[in-house]
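What follows is a short report on a single structure.
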Amino acid sequence: REYTPKVIDTNYTEGSADKRWSSTNFPWTKELEAKNRNKFGNRSFRPNQREVINATMSGNDVFVLMPTGGGKSLTYQLPALISEGLTLVVCPLVSLIQDQIMHLSQANIPATYLSASMEWPEQQEILRGLMSCHYKLLYVTPEKIAKSNSLTGLLDNLYSQGHLSRIVIDEAHCVSQWGHDFRPDYKNLGVLKQNFPKTPVLALTATATARVKEDVVQALGLANCIVFRQSFNRPNLRYLLRPKTKKCLEDIDNFIRTNHFKECGIIYCLSRMDCEKVAEKLRECGHSVSHYHGSMDPVDRTRVQKQWSKDKINIICATVAFGMGNLIFQTSVCITSIVGCPMLMECGRAGRDGLPSSCLLYYQYSDYVSYCENDVDCRRLLQLIHFGEMFDPSRCAKTCDNCLKELTWVEKDVTNIARQMVELVTMTGQSHSSSHILEVYRGSVSQNVKKQRHDALPLHGAGKHLAKGDAARIMRHLVTEGILIEDVKKIDRHIFLSENDLLLVLFFLYLGIHLFLICYLLFNEKFPAPDKASKMGKLDASLFPQINKTVQQQSEVDENLSSMLFD
Ligand code: ADP
Ligand code: MG
Ligand code: ZN
């Protein structure tokens with residue numbers, strides 16, 4: 001079936017503010033509490049769990065924004081158990097699905113999954129079981145929904161009999177190109193709401209900035225959904241940022257020795273080579289370390305992960321492929337992240353058991369991460385702003401390096417500077433990166449500034465007396481106050497990420513080869529003139545989207561990640 005996404009008018013309500021959803025007088029409350037205790041062994045509900053369950057049980061479309069480890073699975077597994085019919089769960093990774101099903105079967109909850117790698121007789125067996133309402137939950141990958149006619153047929157059938165009780169989109173940020181693990185097939189999940197308009201949809205994610213949320217709601221067609229969001233502040237984590245120097249490995253060794261010796265930890269590295277190098281070096285220093293990345297044999301990977309979760313090794317040096325979703329959550333993790341990969345995401349994996357844990361980031365591309373450059377404001381505040389959350393820095397209680405500094409504050413009126421910056425943004429015309437605007441304001445005469453003729457603007461250099469960090473803080477403030485709008489553009493990330501220089505070279509090589517081919521076709525005498533033109537036209541149209549796509553995908557998704565994702 002064809003699916004054409006259309007722009008919908010959204011009208012969401014904030015669920016967290018609505019007392020109605022925390023009521024204990026719903027018809028299902030008793031059964032809910034009993035099943036939470038008996039089937040899942042939980043003594044109570046975590047923040048927002050009861051509210052989300054009540055809202056989805058009342059038949060609403062619900063969007064849930066809850067940190068990793070917050071307990072999102074329960075918000076659909078319990079409703080699945082106390083509702084008639086089947087709950088369909090879309091989940092990006094087969095490994096995550098298997099993990100969930102294992103937990104559910106331990107609790108005697110009938111759940112199954114369909115995957116493309118299954119033999120046809122096995123799939124048929126499962127489909128029959130589903131038809132006879134043998135299962136409460138069916139997990140599928142988004143590809144399955146796009147490709148399997150037998151699944152579509154089954155869902156149609158169940159729906160027409162009123163047996164499709166709920167549709168769950170787990171890791172819903174995969175819908176958005178602005179999220180960190182975009183999956184093309186998630187984009188088409190809007191087809192579900194279109195085909196099954198009466199079935200409530202529950203979208204769950206731990207990663208959603210305002211932009212991603214809007215994308216998800218649009219793509220899934222959740223016009224009137226109720227949004228539940230929960231604070232992303234993690235009080236048991238402390239945040240430390242250090243510039244990356246040649247001595248950084250010694251520093252890590254020291255840090256682990258003094259703070260987390262023999263404790264469990266992950267060190268994230270950007271490349272596979274780094275993983276191996278760092279692991280080797282730390283092993284020499286007497287730590288028990290292994291590396292983990294995408295080009296390892298899957299058997300080895302599983303072995304390392306098992307050893308690590310059983311405390312046989314303390315530290316893993318990994319690429320971001322390690323620990324997707326909730327494969328690991330039980331242990332206290334001290335995270336040491338090397339080179340400015342987005343700290344926000346990796347931090348989700350530390351201290352999920354609530355025990356104190358450290359997040360240490362070594363950053364290199366200082367211009368890129370204004371978060372790192374800022375050596376004054378509370379790290380928590382800076383991170384939570386990213387999630388659209390306001391945070392009172394006094395609640396940090398000196399658990400980040402900046403708050404620890406006990407700086408003395410001098411109050412200054414910077415209204416004029418702020419005004420000039422805004423004026424400058426207007427003057428430069430089209431959109432520019434914040435670092436570019438800051439360069440112009442502070443009077444840089446770099447090639448880039450000259451090329452754009454920004455050195456000729458009246459306010460060029462108006463802020464030359466300002467320290468770089470101060471200027472950046474004022475700019476950030478203008479953004480958080482909504483006076484300037486910051487848009488994350490793919491191209492920016494693409495340039496700044498480390499392995500991308502190589503990608504750029506490959507891209508131009510690729511482009512070059514094709515241009516060469518085009519020229520060759522054009523000038524080759526074998527082709528008469530009209531033919532040449534049509535060949536050119538064809539190549540043009542088919543070639544470029546493909547090139548764009550390749551580059552986007554490569555820059556967005558770590559290769560390791562994609563090899564795991566698309567298995
Ligand atoms: P998320 O999907 O939000 O990352 P999960 O649903 O995987 O988190 O839950 C993380 C852990 O929290 C699981 O081990 C789960 O059993 C546990 N958990 C969830 N809800 C509760 C609760 N109400 N009480 C105790 N433990 C819970
Ligand atoms: Mg989850
Ligand atoms: Zn702080």
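The values are calculated or read from the model by the stated rules, or taken from the named source; none is laboratory data. None of these values were measured; they are calculated from a predicted model. Using ideal geometry, Cβ is built from the backbone for each residue, glycine included, and neighbour counts are taken over all protein chains shown. Each accessible area value is taken on the protein alone, full model and side chains, heavy atoms only, with ligands, DNA and RNA left out. Shrake-Rupley method; radii C 1.70, N 1.55, O 1.52, S 1.80 Å.
Some points to look at:
- Among helices (runs of 4 or more DSSP H) entirely within the stretch 1-110, having at least 2 residues that are within 16 Å of ligand 3 (Cβ to nearest atom) and out of contact with any Gly (no Cβ under 8 Å at 6 or more places or on another chain) singles out no element at all.
- E125 of a type in the set (D, E, K, R) and either without any contact (Cβ under 8 Å) to a residue 40 or more places away in the chain or in contact with a strand residue (DSSP E or B) (Cβ under 9 Å, 6 or more places away or on another chain) (or both): yes
- Total residues in the stretch 376-405 satisfying the condition of being at pLDDT 80 or above, open to solvent by 50 Å² or more (accessible area, probe 1.4 Å), of a type outside the set (S, T, Y) and out of contact with any Leu (no Cβ under 7 Å at 6 or more places or on another chain): the figure is 5.
- Within the stretch 424-469, the set of residues being open to solvent by 90 Å² or more (accessible area, probe 1.4 Å) and part of a helix (DSSP H, G or I) comprises T426, Q447, K450, K451, K468.
- Residue count for the stretch 128-150 satisfying the condition of being without any contact (Cβ under 8 Å) to a residue 24 or more places away in the chain and under 31 Å from the mean Cα position of the chain (by Cα): 1.
- Residue in the stretch 36-52 that is open to solvent by less than 40 Å² (accessible area, probe 1.4 Å), of a type in the set (A, V, I, L, M) and within 15 Å of ligand 2 (Cβ to nearest atom) present: yes
- Only one of the numbered conditions (1) open to solvent by 10 Å² or more (accessible area, probe 1.4 Å); (2) closer than 16 Å to D170 by Cβ is not met by P110, and that is (2).
- Scanning the stretch 155-178 for residues that are open to solvent by less than 50 Å² (accessible area, probe 1.4 Å), touching a residue at least 60 places away in the same chain (Cβ under 8 Å) and either out of contact with any helix residue (DSSP H, G or I) (no Cβ under 7 Å at 6 or more places or on another chain) or not in a helix (DSSP H, G or I) (or both) yields L155, L158, L164, S165, R166, I167, V168, I169, D170, E171.
- Flag if I266 is open to solvent by less than 10 Å² (accessible area, probe 1.4 Å), in contact with an Asp or Glu (Cβ under 9 Å, 6 or more places away or on another chain) and not aromatic (F, W, Y): yes
- Checking each residue in the stretch 179-211 for being open to solvent by less than 30 Å² (accessible area, probe 1.4 Å) and within 23 Å of R46 (Cβ to Cβ) picks out P200, V201, L202, A203, L204, T205, A206, A208.
- Of all residues making up the stretch 274-292, the number that are out of contact with any strand residue (DSSP E or B) (no Cβ under 8 Å at 6 or more places or on another chain) and either crowded, with 22+ Cβ neighbours inside 10 Å or part of a loop (DSSP other than H, G, I, E, B) (or both): 2
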